[in-house]
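A short worksheet on the structure shown next.
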Amino acid sequence: MNFLSSGTILNDDFVWDVISNHILNRHRGTGGAAFNMNCPMCITLGQTPDKTYRCGVFHTANGIGVNCFNCQFKTGYKVGNRIGRTMAMFLDRIGVPDREVKLLKRQALQLASFKETVVRVQPEFHIPNFDVVTMPSDSQSLEAWDAADCQDQNYLDVVRYILTRGDVAAMATTYYWSPNPEHGLNRKLLIPCWYEDRLVGWIGRCIDPSKRKYYNQIPKHFLFNSKCLNHPHRKYIFIVEGVFDALVIDGVAALGSNFNQHQISWIKQCDKIPIVIPDRDEAGKGLINIALQQEWAVAFPNYGGRCWWNADIKDVDEAVLRHGKLFTVRSIIESMTNNSALITQRSHYHL
Ligand SMILES: [Zn+2]
């Protein structure tokens, strides 16, 4: 049981190694999962066999998480804890031989006995050094175009578009417009992406109904509106999906895809309480998965008997437009929960 040999780092990834080696039929992970698999527990828990890879397997610095969206099976292993009954069952179902499960249990137990003496080595995270960029050519702020009395129909349409999104959205940042038709820029509302006081990217939101809503230049690992992470008087951090959601509630968004490990570490560095406010769609479930793994709170303002939002509202952006910012903030704080069973249950809404 030589786990600690003179100052070297412990190999505490043995559970992950076994799981990873046993599951060959897997899909790329969504919502922070290392990978998704066909759930081995669905049948046991009275569901039809999972054929759509609804079970996510998570691998973090602190251990493993398993979470099925179909049968709601959930288990995990935390470094320094024992391997519990549900994890042992999961290992059995994915075909880990009994003998090997016993060995893993013993290893976990030995590791647990070192719990107090082991200093966990966390990978240190540094915020990327984002390069400074410029806004697209010929672009100016909407105010500057207005001062120049621009009568271009495309510009007027862009102004009309932002006004339909409500006062809060309209006032949230300085928007830009470019008359350049390349990539349809002249039909897009341009939103600058700041990191501290540097422009490091921009988002082009198409104002027409279109398959491709966005044309962007965003650096890797960027967190939209990260300035709210450093707000001196805030207790909470709102974690949302879209750029407008982030703008209207002063939260952070990963934009487009899910939050990756860098972005999650970035959020965790700030000493505030994260609250995830998921959209009511598949992408929202990805965000819920991340919350479950990180033990972040999730808000469900339109769940159950006390619905804060009108039933047809799907995201924060719409809620603020319909109910106002203060009411929406209150609805989030009053409806948030840290209880993972409640979070899983409440994410089972019908779309
Ligand atoms: Zn399942």
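As a footprinting exposure proxy, order 333, 343 by other Cβ within 10 Å, with the fewest listed first.
Placing the least packed residue first, the sequence is 333, 343.
Multiplying the sequence separation of residue 100 and residue 330 by 0.36 nm and subtracting their Cα-Cα distance, what value in nm do you get?
77.8 nm
Output the 0 to 90 degree angle, nearest 10, between the alpha-carbon long axis of helix 282-294 and the longest principal axis computed from the alpha carbons of the chain.
50 degrees
What FRET efficiency do you get for residue 211 and residue 146 if R0 is 25 Å and r is their Cβ-Cβ distance, rounded to the nearest 0.05?
FRET efficiency, residue 211 to residue 146: 0.25.
To the nearest 20 debye, what is the magnitude of the charge dipole of the chain about its Cα centre, counting +1 on the Cβ of each Lys and Arg and -1 on the Cβ of each Asp and Glu?
Here the chain has a charge dipole of around 1460 debye.
Over 29 Å between C-alpha atoms is what I'm after, so list which of 211/235; 211/314; 268/314 land there.
Violating the 29 Å Cα-Cα cut-off are 211/235.
To check you understand DSSP bridge types, tell me what percent of the beta bridges within the chain (both residues inside) are antiparallel, rounded to 5.
80 percent
Do any trypsin sites (Lys or Arg not before Pro) in the stretch 16-79 lie in a DSSP loop with no more than 12 other beta carbon atoms within 10 Å, and if so, which?
Qualifying residues, ordered by number: 51.
Taking the chain as a Gaussian network, where each spring joins two C-alpha atoms under 10 Å apart, which residue of 251, 166, 304 fluctuates the most?
In the Gaussian network model the winner is 304.
Per residue of the chain, what 222 nm ellipticity follows from adding -39500 (n - 2.57) for every DSSP H run with n ≥ 4, rounded to the nearest 500?
Counting only the DSSP helices, I get -9000 deg cm²/dmol.
Compute the distance from the alpha-carbon center of the stretch 126-186 to that of the stretch 46-62, in whole Å.
42 Å
I want the antiparallel fraction of DSSP beta bridges within the stretch 137-245, as a percent rounded to 5.
100 percent
Could you calculate the contour length gain from residue 92 to residue 230, that is, 0.36 nm times the residue separation minus the distance between their Cα atoms, to one decimal place in nm?
45.2 nm
Please give the helix 98-113 orientation as an angle from the longest Cα principal axis of the chain, in degrees from 0 to 90, rounded to the nearest 10.
80 degrees
Calculated FRET efficiency, residue 47 and residue 22, Cβ-Cβ r, R0 25 Å, to nearest 0.05?
With a Förster radius of 25 Å, E is 0.70.
If contacts are Cα pairs under 8 angstrom and at least 6 residues apart, what is the relative contact order of the stretch 218-324 in percent?
25 percent
When Lys and Arg each count +1 and Asp and Glu each count -1, what net charge do the other residues less than 14 Å away from residue 21, Cβ to Cβ, add up to?
Once all neighbours under 14 Å are counted, the net charge is -2.
Can you count the Lys pairs in the stretch 55-201 whose Cα atoms are under 23 Å apart, with each pair 8 or more apart or on different chains?
Lysine pair count for the stretch 55-201: 7.
If I take R0 = 30 Å and measure r between the Cβ atoms of residue 110 and residue 341 in this structure, what FRET efficiency does the formula 1/(1 + (r/R0)^6) give, to the nearest 0.05?
0.50
By how many degrees, 0 to 90 and rounded to 10, does the Cα axis of helix 325-334 deviate from the longest principal axis of the chain?
Between helix and principal axis, roughly 10 degrees.
Readers should treat all values here as calculations from the given coordinates under stated rules, not as data from a laboratory. Values in this document were obtained by computation on a predicted structure and should not be read as measured data. Every residue, glycine among them, receives a Cβ derived from its backbone with ideal geometry; neighbour counts consider all protein chains shown.
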